[in-house]
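**Student:** Quick one: this structure, given as structure tokens, is what I'll be asking you about.
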Amino acid sequence: MGHGVVRLAAVLIFGVAVAAGPVAGAWAAEKRVALVIRNVAYQDGPELAAAAANAATMTVALRVAGFDVTVASNVDHRTLTSAMAEFQRRLATADLGLLYYSGLMMSMGGQSFLLPVDARLRYEFDVVFETVELDQILQQIRDASHKAVVIIDTMMPNPAVARLAAGMGDAASTVKPAPARPPDKPNLLTAYSHQPGDAPPPVAGRTAGPYATALAKAIARPGAELRAA
């Protein structure tokens, strides 16, 4: 792992779990593109005001760091897939890509899923049709990019997952309101705001959470080193 990757990791780790494949090259890429997804107003759950604050804080920091940022707000299933397709197109001509997601997540049987704002989870098969698999997104980004970073900032509470688990009986133990650890993918680094598999505590209020705040501060500061972070 080169010095450029060490600097990249420095602005992402902050003591949380990071799953990374070998990422080559320098953090200071010539052309940087980012997609920030903020899912705040879920049709089947509470308003997540902190997710909006997280996304706003990260958007400012990424623009300071030279990223061309697109913000997608309160995306339903169709809009999420469209936003990812457009992000893939932009990644193809960029040196570095970054996806930041603040919203609800879940895992089932070791697989992780993003919850669009229109997701309605009542039965196990709803997961297939109502959510978007994280590993599919990671693979799309990996295939389209030279090198990229994916940051998952999971929010709570997550009543949709609680309702799903309540209807699954003994199989409910495989359902969690947080992502599982994905497989490593070359040239792609995935960072979490919490330990994969463990649900983060709810973030109250309308201000950015501690992870987004610290991460944004580090991204906006050039030349951060791993030990200093």
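The values are calculated or read from the model by the stated rules, or taken from the named source; none is laboratory data. As the structure is a computational prediction, the values presented were derived from the model and not from experiment. Note that each Cβ is placed from the backbone with ideal geometry, even for glycine, and that neighbours are counted across all protein chains shown. Ligands, DNA and RNA are excluded from the accessible area calculation, which covers all protein heavy atoms including side chains. Shrake-Rupley method; radii C 1.70, N 1.55, O 1.52, S 1.80 Å.
**Student:** Place a label point 7 angstrom from the Cα of A172 along the Cα-to-Cβ direction, then list the residues of the stretch 92-122 whose backbone nitrogen is under 14 Å away.
**Tutor:** In the stretch 92-122, the label zone of A172 (backbone N under 14 Å from the point 7 Å along Cα→Cβ) covers 122.
**Student:** Carbon and sulfur atoms: what percent of the 1.4 Å accessible area of the stretch 23-153 do they account for?
**Tutor:** Values: 2530 of 5100 Å².
For the stretch 23-153, the apolar C and S fraction of the accessible surface comes to 50 percent.
**Student:** Computed over the Cα atoms of the stretch 62-201, what is the ratio Rg over Rh, Rh following Kirkwood?
**Tutor:** Numbers: Rg = 15.1 Å, Rh = 15.6 Å.
In the stretch 62-201, Rg relative to Rh is 0.97.
**Student:** I would also like to ask the following. Using modelled amide H (1.01 Å from N, peptide plane; none on Pro or chain starts), what sits under 5 Å from the amide H of V132, excluding residues fewer than 5 places away?
**Tutor:** Close amide H contacts, sequence-distant or interchain: L114.
**Student:** What is the set of long-range amide H partners of M156 at a cut-off below 5 Å, with H atoms built 1.01 Å from backbone N?
**Tutor:** Amide H neighbours of M156, under 5 Å, 5+ apart: V203.
**Student:** Less than 19 Å from a label point 7 Å out along the Cα-to-Cβ axis of D135: which backbone N atoms in the stretch 184-209 qualify, by residue?
**Tutor:** 184-192, 196-198, by backbone N distance to the label point.
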